[in-house]
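Down below is the structure, laid out as structure tokens.
Values quoted throughout were computed directly from the atomic coordinates according to the rules given, and no laboratory measurement underlies them. Remember, predicted model here, so these are calculated numbers, not experimental data. Glycine gets a Cβ as well: all are built from the backbone with ideal geometry, and neighbour counts include every protein chain shown.
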């Protein structure tokens with residue numbers, strides 16, 4: 001008789017020491033993200049405009065050159081276009097004072113007055129506005145931005161010119177050769193106009209056509225746009241921007257943002 005099968009004893013599992021449970025990790029508190037920094041603008045709209053008159057708003061140089069030639073001829077002084085162009089954008093007496101060696105014994109103020117008299121008596125070419133000049137002045141006024149004018153011409157010359165164009169009443173400030181002790185390239189005129197307008201210099205745009213005027217505008221701390229109407233662009237390199245004429249300008253002009 002076969003022996004009954006005996007159940008095999010169960011094998012006792014080896015005891016494995018229990019490891020201590022890992023401590024629960026506490027999540028880091030959520031950090032509040034830093035607010036996004038908005039980059040500073042590179043440019044901002046200008047808030048005021050200051051114009052030169054002759055060569056910028058009106059094309060008066062042909063007549064001015066003809067009157068100057070008459071004075072030089074009346075004294076028998078040799079001259080050429082380069083010599084006469086020294087007067088562009090500057091007060092007559094100051095230029096005649098620099099040319100004293102050509103007019104010995106003559107009062108520079110009297111010589112400049114003679115040029116002015118020829119303006120009234122000679123049959124000179126008509127003084128016409130440059131393209132877009134009147135429209136730009138009117139647009140700036142329409143927007144409510146202050147307008148100034150700084151000219152090397154006298155008050156009796158500048159105000160009738162502006163009145164003929166219908167612009168006289170649009171300018172908040174007019175500074176003429178009669179209102180300063182030093183003309184362009186000295187910044188006195190532009191400093192005076194900017195001070196009366198009350199807008200920081202870096203937010204004022206000056207429109208100029210001559211190297212002397214550009215130098216004055218920059219010395220006054222303003223942003224200068226030069227129009228190449230009476231000089232080559234290479235002669236206006238000190239300006240912040242050079243354009244062929246005012247048709248290239250849209251107001252407000254963008255100027256570098258304050259640091």
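In terms of other Cβ atoms within 10 Å, 172, 145 run from fewest to most in the order 172, 145. On the beta carbon distance between residue 73 and residue 234, with R0 = 41 Å, the FRET formula returns roughly 0.85.
Neighbour counts of other Cβ atoms within 10 Å put 223, 118 in the fewest-to-most order 118, 223. Among 218, 184, 232, a tally of other beta-carbon atoms within 10 Å of each Cβ gives an order, fewest to most, of 232, 218, 184.
Modelled spin-label separation between residue 155 and residue 121, with each label point placed 7 Å from Cα along the Cα-to-Cβ direction: 2.6 nm.
Under 1.5 on a/c is rounded, so check that first for segment 92-241, then, if it is not, pick prolate when a/b is larger than b/c and oblate when it is not; a ≥ b ≥ c are the square roots of the alpha carbon gyration tensor eigenvalues. Taking the square roots of the gyration eigenvalues as a ≥ b ≥ c, segment 92-241 is prolate.
Under the simplified labelling scheme, the residue 97-residue 128 pair shows an inter-label distance of 3.7 nm, with each label point 7 Å from Cα along Cα→Cβ. For the pair residue 66 and residue 44, label points projected 7 Å from Cα toward Cβ lie 4.7 nm apart.
So, R0 is 35 Å and r is the distance between the beta-carbons of residue 202 and residue 109; what FRET efficiency does that work out to, to 0.05? Computed FRET efficiency for residue 202 and residue 109 comes out at 0.45. In segment 61-121 the Cα-Cα distances spread across 5 Å bins starting at 0 as 4, 19, 36, 30, 11, 1 percent of all pairs.
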